[in-house]
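Any read-out appearing in this document is the output of simple, stated calculations on the displayed coordinates, not a laboratory observation. Bear in mind that the values here come from a model prediction, so they are computed numbers and not experimental data. Positions of Cβ are generated from backbone atoms using ideal geometry, with glycine treated the same way; all protein chains shown enter the neighbour counts.
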Amino acid sequence: MRTFWTYFGIFSIIVIAIQAFGYFSADVHDEFDFLTFFKQIVIVLLIATITSFLDRRKKKKTYNEKAS
């Protein structure tokens, strides 16, 4: 679960940086769209879930071989 929150935090920071850049570079500052922000957070949630699942599967493949 720790890897999920790590990936979620990283991807959320990227989304917030993109939103802040779009907000400050817009001509009119009333263009912040909460629906788009919500969609991006849902996408981040899905990507973080998939990435943490794949990362967990990769770590479980350890081989214990005895030295002869």
In nm, to one decimal, how far is the modelled label at Val15 from the one at Ile47, with both set 7 Å along Cα→Cβ?
0.9
Sort the following peptides by mean Cβ neighbour count (other Cβ atoms within 10 Å, averaged over residues), highest first: 2-12, 33-43.
2-12, 33-43
Note the full-extension length gain between Lys39 and Thr6 as 0.36 nm times their separation in residues minus their Cα-Cα distance, in nm to one decimal.
9.9 nm
